[in-house]
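Q: Quick one: the structure is below, questions incoming.
The values are calculated or read from the model by the stated rules, or taken from the named source; none is laboratory data. Source: prediction; values computed, not measured. Glycine also receives a Cβ, built like all others from the backbone with ideal geometry; neighbour counts cover every protein chain displayed.
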């Protein structure tokens, strides 16, 4: 079977596809990964074949963001993902289909060009969610813009994005954190990594990370200092994963140990707490480890994750803004003094998820249904 995996340029979008891609390769399937050129070395290291997914220019992205309503934090990104990205990616994606003819497409939930071409070619699609699979906010936001592209491709416009909502889905969060939509397509929830053992040994450590996007934004130095100072005041060791941030912006953080990249699977089970942005990867890792979270969300799915962190009692959410250091400090003191009651039950819920074979079985069954349909159609 030929499987085309597709992802937008963000590392946080690509990473959730890779465990499934490796499982598919190990099962003997042929596959290609369609994503931004900057990931070529990473995919080569994993022995995964890479095809480049073209994206819009930086100037076009900036123009869309400047024109967006500043009061609506989702408006600009929605236009980039639902209009600029697919328009830029469609020509190259068509050539992949023409040259390689995949049997099924597996797209992360914000990449649309492969799914659009797949529909025109009668190829089924499975969607993989880096974040919560039960949200339909994103699909409703992008539906109207995608409807125009669908119309140009000769497809039903579908402004409510039923083609996305009804597709088979894969998610990594348990239903206890990410409740299923009653009108969702068939979905499986899987555990992408080996389960963290119950009651891991904790070090006197606070872990900090704000992901890969926020570290390049103008407000990051102030946020980094606020979080770092609040963490140091606990008297515990502090480890800060800063990604590609300019080290100059981190000066003055005293005893905070800064590392560009950290193996979160190793650090989170040993930390007493994590201060983060509420991004999907860090949130899921903390839930799996039973590590209390102090989330400071800004955009995308971060506010939604922060809401669920608070609702499931797996940590506390702190809105960004003035006096951030003091508010992080109060939240951090609370989760250190009293472990949030939902941490251990949620870790158990993550451990109870099936492994990646369930996601691969879904993909194989979707492709098999298409093959059965083609055989029946072509029979004399």
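Here's the yes/no breakdown for (1) in contact with a helix residue (DSSP H, G or I) (Cβ under 6 Å, 6 or more places away or on another chain); (2) in contact (Cβ under 8 Å) with a residue 60 or more places away in the chain:
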{"position": "12", "(1), (2)": "yes, yes"}
{"position": "18", "(1), (2)": "no, no"}
{"position": "28", "(1), (2)": "no, no"}
{"position": "40", "(1), (2)": "no, no"}
{"position": "51", "(1), (2)": "yes, no"}
{"position": "57", "(1), (2)": "no, no"}
{"position": "66", "(1), (2)": "no, no"}
{"position": "75", "(1), (2)": "no, no"}
{"position": "89", "(1), (2)": "yes, no"}
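Q: Can you tell me which residue in segment 27-38 is surrounded by the fewest Cβ atoms within 10 Å (Cβ to Cβ), limited to those that are touching a strand residue (DSSP E or B) at 6+ places or on another chain (Cβ under 9 Å) and closer than 21 Å to residue 104 by Cβ? I'd like the intermediate steps shown before the answer.
A: Let us first name the residues in segment 27-38 that are touching a strand residue (DSSP E or B) at 6+ places or on another chain (Cβ under 9 Å), namely 29-37.
Narrowing the set further to residues that are closer than 21 Å to residue 104 by Cβ leaves 29-35.
Working: 29: 18, 30: 14, 31: 19, 32: 20, 33: 24, 34: 23, 35: 28.
Across segment 27-38, the extreme among qualifying residues is 30.
Q: A further question follows. Kindly provide the set of residues from segment 339-363 that are in contact with a helix residue (DSSP H, G or I) (Cβ under 9 Å, 6 or more places away or on another chain) and assigned to a helix (DSSP H, G or I), ordered by number.
A: 343, 346, 347, 349, 350, 351, 357, 359, 360, 363
Q: Which of the residues that make up segment 167-189 are at pLDDT 90 or above, buried (at least 16 other Cβ atoms within 10 Å of the Cβ) and part of a loop (DSSP other than H, G, I, E, B)? First the steps, then the outcome.
A: Just the residues of segment 167-189 that are at pLDDT 90 or above, to begin with: 167-178, 188-189.
Narrowing the set further to residues that are buried (at least 16 other Cβ atoms within 10 Å of the Cβ) leaves 167-174, 176-178, 188-189.
Matches in segment 167-189: 167, 168, 172, 173, 174, 176, 177, 178.
Q: If you check residue 199 against the conditions, is it part of a loop (DSSP other than H, G, I, E, B), at pLDDT 80 or above, surrounded by fewer than 21 Cβ atoms within 10 Å (Cβ to Cβ) and outside the structural domain of residue 280 (by TED's automatic domain parsing)? Show your work before the answer.
A: Details: part of a loop (DSSP other than H, G, I, E, B): yes; at pLDDT 80 or above: no; surrounded by fewer than 21 Cβ atoms within 10 Å (Cβ to Cβ): yes; outside the structural domain of residue 280 (by TED's automatic domain parsing): yes.
No: the conditions fail for residue 199.
Q: Continuing with the same structure: Would you pick out the residues in segment 119-152 that are in a loop (DSSP other than H, G, I, E, B) and loosely packed, with under 15 Cβ neighbours inside 10 Å?
A: Looking only at segment 119-152, we keep the residues that are in a loop (DSSP other than H, G, I, E, B), and these are 122-124, 129-136.
Once the filter is applied, which keeps residues that are in a loop (DSSP other than H, G, I, E, B) and loosely packed, with under 15 Cβ neighbours inside 10 Å, segment 119-152 yields only 122.
Q: Does residue 22 satisfy the condition of being within 29 Å of residue 134 (Cβ to Cβ), in a helix (DSSP H, G or I) and either touching a helix residue (DSSP H, G or I) at 6+ places or on another chain (Cβ under 6 Å) or in contact (Cβ under 8 Å) with a residue 60 or more places away in the chain (or both)?
A: No: the conditions fail for residue 22.
Q: Can residue 281 be described as at pLDDT 95 or above, in contact with a helix residue (DSSP H, G or I) (Cβ under 6 Å, 6 or more places away or on another chain), surrounded by fewer than 24 Cβ atoms within 10 Å (Cβ to Cβ) and not assigned by TED's automatic domain parsing to the domain that holds residue 137?
A: Numbers: at pLDDT 95 or above: no; in contact with a helix residue (DSSP H, G or I) (Cβ under 6 Å, 6 or more places away or on another chain): yes; surrounded by fewer than 24 Cβ atoms within 10 Å (Cβ to Cβ): yes; not assigned by TED's automatic domain parsing to the domain that holds residue 137: yes.
Here the answer is no, as residue 281 does not meet what is asked.
Q: Follow-up question, since we're still on this one. From 62, 47, which residue is out of contact with any strand residue (DSSP E or B) (no Cβ under 8 Å at 6 or more places or on another chain), in a loop (DSSP other than H, G, I, E, B) and either surrounded by 15 or more Cβ atoms within 10 Å (Cβ to Cβ) or without any contact (Cβ under 8 Å) to a residue 40 or more places away in the chain (or both)?
A: On the way: 62 fails: in a loop (DSSP other than H, G, I, E, B).
Testing whether each residue is out of contact with any strand residue (DSSP E or B) (no Cβ under 8 Å at 6 or more places or on another chain), in a loop (DSSP other than H, G, I, E, B) and either surrounded by 15 or more Cβ atoms within 10 Å (Cβ to Cβ) or without any contact (Cβ under 8 Å) to a residue 40 or more places away in the chain (or both) leaves just 47.
Q: So residue 71 ticks every box in (1) in contact with a helix residue (DSSP H, G or I) (Cβ under 9 Å, 6 or more places away or on another chain); (2) closer than 25 Å to residue 139 by Cβ but one. Which box is left unticked?
A: (1)
Q: Assess whether residue 158 counts as being without any contact (Cβ under 8 Å) to a residue 40 or more places away in the chain and either within 16 Å of residue 80 (Cβ to Cβ) or touching a helix residue (DSSP H, G or I) at 6+ places or on another chain (Cβ under 7 Å) (or both). Walk me through how you get there before you give the answer.
A: Values: without any contact (Cβ under 8 Å) to a residue 40 or more places away in the chain: yes; either within 16 Å of residue 80 (Cβ to Cβ) or touching a helix residue (DSSP H, G or I) at 6+ places or on another chain (Cβ under 7 Å) (or both): yes.
The answer is yes for residue 158.
Q: Pull up segment 256-272, narrow it to residues that are touching a residue at least 24 places away in the same chain (Cβ under 8 Å) and not in a helix (DSSP H, G or I), then point me to the one that is nearest to the chain's Cα centre (by Cα).
A: So the first thing to find is which residues in segment 256-272 are touching a residue at least 24 places away in the same chain (Cβ under 8 Å), and the list is 256, 262, 264-265, 267-272.
Then drop every residue that is not not in a helix (DSSP H, G or I), which leaves 256, 262, 271-272.
Numbers: 256: 27, 262: 17, 271: 22, 272: 24 Å.
My answer is 262.
Q: What are the residues in segment 229-270 that are under 21 Å from residue 174 (Cβ atoms) and buried (at least 18 other Cβ atoms within 10 Å of the Cβ), if any?
A: First, the residues of segment 229-270 that are under 21 Å from residue 174 (Cβ atoms): 264-265, 268-269.
Those that are under 21 Å from residue 174 (Cβ atoms) and buried (at least 18 other Cβ atoms within 10 Å of the Cβ): 264, 268, 269.
Q: If you take the residues in segment 290-300 that are touching a helix residue (DSSP H, G or I) at 6+ places or on another chain (Cβ under 6 Å) and surrounded by 24 or more Cβ atoms within 10 Å (Cβ to Cβ), which one is nearest to residue 346 (Cα to Cα)?
A: 290
Q: Right, another one. Quickly run through segment 314-338 and pick out the residues that are surrounded by 15 or more Cβ atoms within 10 Å (Cβ to Cβ), out of contact with any helix residue (DSSP H, G or I) (no Cβ under 8 Å at 6 or more places or on another chain) and within 24 Å of residue 176 (Cβ to Cβ).
A: Selection gives 331, 334, 335, 336.
Q: If you go through segment 213-249 one residue at a time, how many are at pLDDT below 85 and either over 23 Å from the mean Cα position of the chain (by Cα) or not assigned by TED's automatic domain parsing to the domain that holds residue 324 (or both)?
A: In the first step, residues of segment 213-249 are kept if they are at pLDDT below 85; the result is 213-221, 242-249.
Now restrict to residues that are either over 23 Å from the mean Cα position of the chain (by Cα) or not assigned by TED's automatic domain parsing to the domain that holds residue 324 (or both): 221, 246-249.
Going through segment 213-249 one residue at a time, the tally reaches 5.
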